[in-house]
Amino acid sequence: MQTLSPTRTDLAVEGMTCSGCARQVTEALQQVTGVADATVTLDARRASVRWNPGKAADVQGLVNAVTSAGYAATPIDPAVAERPSHAGHAAAWGINLLTGVIPTALLMLGEWVFQWQTSMAFRWISCALASVVLLGPGRQFFTGAWRQLRVGASNMDTLVALGSTTAYVFSLWVLLAGQAGHLYFMEAAAIITLISAGHWLEARVSSRASGSLRALMNLAPPMALRPQPDGTEHSVPVGDLIAGDVIVVKPGDRVPTDADVIEGSSAVNESMLTGESMPVEKMIGSRVYAGTLNESGRLSLRVSSLGEETALSRIIAAVQRAQNSRANIQRLGDRVASVFVPVVVLVAIAAALCWGFAPVQAAHIHDMLAPAWWHLHPPAGALTGAIYIAAAVLIVACPCAMGLATPAAIMAGSNTAARRGILIRDGIALEKAGGITAVLFDKTGTLTQGAPAVAAIEAFVEIGGMPVVDPSVLAAALARNSAHPLSRAVARLSDVSLLFDRWTEVRGAGVQADWKPLDGTETVVRLGSLNWLRQMGITTGAADAFVADWVGRGATILGLGVDEKLVAAFALVDSLKPGARAVIEDLARQGLPAMLVTGDNASTALHIAAQAGIAPENVFAEIRPEQKAALVQRLQEAGGRIAFVGDGINDAPALEQASLGIAVSAASDVARDAADIILLRSDIEAVPEAIGLARATMRTIRQNLFWAFFYNAAAIPLAALGFMSPVLCAAAMGLSDVVVIGNALRLLRWRWRSRGSTRHI
């Protein structure tokens, strides 16, 4: 079979009826060797698989995996699956519901209102109406059950098919035999109709829960305005663009793809990507992102990224990955569900045998318990009672609510987070957030602005050569090739270039190179922390007074060394981010003490910590980047569950080591795999909000799982003892789905109130 794409394969999947089916297909696809991740869209009946780099796409392996799970899959062109119709799933169940409601309503009127049960004509009409329901809306359940049976598995469709078929076949046998017993055609039809109603409600509320994702998917326009050589501008499909093309975006239009501004200036609204409401000023050289809104000026752009490489596409992929993920807590539900259907079938058989062979004793137990519950009066007759009870047990035990408990909450929580510029990697990240005990902040660029400036320079000795080289010129030239914020600040001191040999950067310490001044003597020049310079054999005592003065003001000190001499010192000041202290206070009110880690000396670190409100005992200074992960590990070994907040680049090892990694990022950097949570805003005010939302989502998952387990634990014995009719069981099962999804949907209304107050949900 031909591979559709070297990095991605799309499939049309048949046989899925609910989110549990979608989860089964997702797990089957993820088992295929070489698959990086798989996203299954229930609404569109589509699966999208991304392959690990360098791995050949095994399309036939995907098809086989889906088939083994009890479904059918066909490879399709990725373009067909780009924008699915999210209303299709709810509409399909709506048609099923309408087809079932009318015959079921007629059956209920005939039995409950007009009392036509004994009329032979009505008995045959009941058979016909029930047949319409079972062959129409019921066909999906029977097909799903058959697919599972063929691979030796079972699911919710199995229980629905067994329950409705049991009632229908028994009634048909009684009718054809000419007996006068009660017929359960109405119950058989009501089971299918009520469960179809539950699926319809599930599809409706699930569609609402994924509203933010749909909004993201519809942000980028399909057409772009491209200037022609004759000066005219033509609309072309975005798919026809290539990197380097020039496009035009007029005021009021959305940007079709990631691009760089080459002409014009404007204010661009990026709120749907970052959660920030204020427009961002764009000028020549600025990057704009697909889906953002150009509010004022006309912009000429050069295309930089297209399709799946745009920031918007990566954000959509991250949200989809979160929605299709599983939390560890869900494994309990999965283990129970894997053995649930066979156990329920055995319970139904046992109950049927008891009511069939010992009806007096079974009825006696029912009557003994009735004062504490209620009387239902199961039908007379051993065989009739047995069929009635077995059908009730099979229907009420459908584990749909158990399967929805986790994914519904994750879907709602991840969508709510996406609206606020917060990307949650998966369900496990949510689970991690619920258990953390402290938050460790990196300083530069995370807790502080990350844009330090040189506040003071002091030279100690002259640099050789004629004329004398200014220390700031040498330091700026030496720092120019480094991307570190401190190096960039020093590099702005001068535009003069000098020639260096063997330039290297020592991560977290400084930069060094070989340099020949005008006298021709080869020297080693270094710019970095005083601690590192001392390790390199340079005496720094001459700077003690300068250091004492500026460290007291919260400055970071860099030294410039030539061979073994300290020739100059630079004081760099990086101010605290606005709102940083409020963030620390918000975390404290959540019971999460804040910590600070930095490569600066202890005095500077303590000064910044005092401004932020971090206790001195929670400050870790002179920690190099490669040592941050070890620090996190030490804190974990001491019993802490640490959330680490960093910029996601130099801090990747610490983000990976932490119990919860939070990357303070930008829209162009959403693909940071080390982080569990990515903040698309450059400030840290979203940190307490992200943790609060993650904790709220985990509370909702636990509530849903409790309800699902409690419901089944209570309902199955009640049905087996004759306290619930098959119709009541079908209604109760549908209600349990609605309760679980409705509880999850409360996350869509979740609000964060700064300074320690969240709205309880």
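The values are calculated or read from the model by the stated rules, or taken from the named source; none is laboratory data. Small disclaimer: the values here were computed from a predicted structure and weren't measured. Here Cβ is always computed from backbone atoms with ideal geometry, including for glycine, and neighbour counts include all displayed protein chains. Just the protein is used for accessible areas: all its heavy atoms, side chains included, with ligands, DNA and RNA removed. Shrake-Rupley method; radii C 1.70, N 1.55, O 1.52, S 1.80 Å.
Points worth noting:
- Qualifying residue in region 196-212 (condition: modelled with pLDDT under 70, in contact with a Leu (Cβ under 7 Å, 6 or more places away or on another chain) and small (Gly, Ala, Ser)): yes
- With respect to the conditions (1) outside any helix (DSSP H, G or I); (2) under 50 Å from the mean Cα position of the chain (by Cα); (3) without any contact (Cβ under 8 Å) to a residue 40 or more places away in the chain, Leu527 lacks only one, and its number is (3).
- Hey, Ala105 closer than 19 Å to Leu728 by Cβ, open to solvent by less than 60 Å² (accessible area, probe 1.4 Å), aliphatic (A, V, I, L, M) and assigned to a helix (DSSP H, G or I) or not: yes
- Meets criteria (in a helix (DSSP H, G or I), open to solvent by less than 10 Å² (accessible area, probe 1.4 Å), within 21 Å of Leu655 (Cα to Cα) and touching a helix residue (DSSP H, G or I) at 6+ places or on another chain (Cβ under 6 Å)) for Ile691: yes
- Qualifying residue in region 123-134 (condition: in contact with a helix residue (DSSP H, G or I) (Cβ under 8 Å, 6 or more places away or on another chain) and modelled with pLDDT under 90): no
- Top-ranked residue in region 499-514 [being open to solvent by less than 80 Å² (accessible area, probe 1.4 Å) and at pLDDT below 90; ranked as farthest from Trp550 (Cα to Cα)]: Val506
- Given (1) out of contact with any strand residue (DSSP E or B) (no Cβ under 9 Å at 6 or more places or on another chain); (2) modelled with pLDDT under 80; (3) surrounded by 20 or more Cβ atoms within 10 Å (Cβ to Cβ), index of the condition Leu705 fails: (2)
- Count of region 253-262 residues which are open to solvent by 60 Å² or more (accessible area, probe 1.4 Å) and under 17 Å from Ser313 (Cα atoms): 1
- Residue in region 131-149 that is without any contact (Cβ under 8 Å) to a residue 40 or more places away in the chain and basic (Lys, Arg) present: yes
- In region 226-252, the residues that are charged (D, E, K, R) and either surrounded by fewer than 10 Cβ atoms within 10 Å (Cβ to Cβ) or at pLDDT 90 or above (or both): Arg226, Asp230, Asp245, Lys250
- Only listed residue being at pLDDT 80 or above, open to solvent by 40 Å² or more (accessible area, probe 1.4 Å) and either of a type in the set (D, E, K, R) or touching a Cys at 6+ places or on another chain (Cβ under 8 Å) (or both), chosen from Arg302, Arg314, Arg321: Arg302
- Members of region 705-754 found to be part of a helix (DSSP H, G or I) and in contact with an Asp or Glu (Cβ under 7 Å, 6 or more places away or on another chain), listed by number: Pro726, Val727, Asp737, Ile741
- Long-range neighbours under 6 Å by Cβ, at least six apart or interchain, first residue in a loop (DSSP other than H, G, I, E, B) within region 150-163, second at pLDDT below 80: Ser154/Val341
- Residues (more than 18 Å from Phe441 (Cα to Cα) and of a type in the set (Gly, Ala, Ser)) located in region 556-595: Gly559, Gly561, Ala568, Ala569, Ala571
- For region 618-658, the set of residues classified as under 19 Å from the mean Cα position of the chain (by Cα) and open to solvent by 30 Å² or more (accessible area, probe 1.4 Å) consists of Glu656 only.
- Here Glu637 clears all of (1) among the acidic types (Asp, Glu); (2) farther than 30 Å from Gly552 by Cβ; (3) at pLDDT below 85 except the condition numbered (3).
- Single match in Ala408, Ala476 (criterion: buried (at least 22 other Cβ atoms within 10 Å of the Cβ), in a helix (DSSP H, G or I) and without any contact (Cβ under 8 Å) to a residue 60 or more places away in the chain): Ala476
- The residues listed here are Asp563, Asp544; of these, the one that is open to solvent by 10 Å² or more (accessible area, probe 1.4 Å), within 15 Å of Thr604 (Cα to Cα) and more than 49 Å from the chain's Cα centre (by Cα) is Asp544.
- Here Gly554 clears all of (1) in contact (Cβ under 8 Å) with a residue 12 or more places away in the chain; (2) open to solvent by 10 Å² or more (accessible area, probe 1.4 Å) except the condition numbered (2).
- Hey, Gly34 surrounded by fewer than 20 Cβ atoms within 10 Å (Cβ to Cβ) and modelled with pLDDT under 90 or not: yes
- Test set (1) in contact with a strand residue (DSSP E or B) (Cβ under 8 Å, 6 or more places away or on another chain); (2) modelled with pLDDT of 90 or more - Gly554 fails condition number: (2)
- In region 62-92, the qualifying residues are those that are in a loop (DSSP other than H, G, I, E, B) and either hydrophobic (A, V, I, L, M, F, W, C) or surrounded by fewer than 18 Cβ atoms within 10 Å (Cβ to Cβ) (or both), and the one that is modelled with the highest pLDDT is Ala69.
- Among (1) open to solvent by 10 Å² or more (accessible area, probe 1.4 Å); (2) under 30 Å from Tyr184 (Cβ atoms); (3) part of a helix (DSSP H, G or I); (4) modelled with pLDDT under 80 - the single one Leu369 does not satisfy: (4)
- Within region 610-617, the presence of at least one residue that is open to solvent by 30 Å² or more (accessible area, probe 1.4 Å) and among the polar types (S, T, N, Q) is confirmed.
- Of all residues in region 686-709, none that is under 25 Å from Ala732 (Cβ atoms) has its Cβ atom under 6 Å from the Cβ atom of a residue that is of a type in the set (Lys, Arg) and outside any helix (DSSP H, G or I), 6 or more apart or on another chain.
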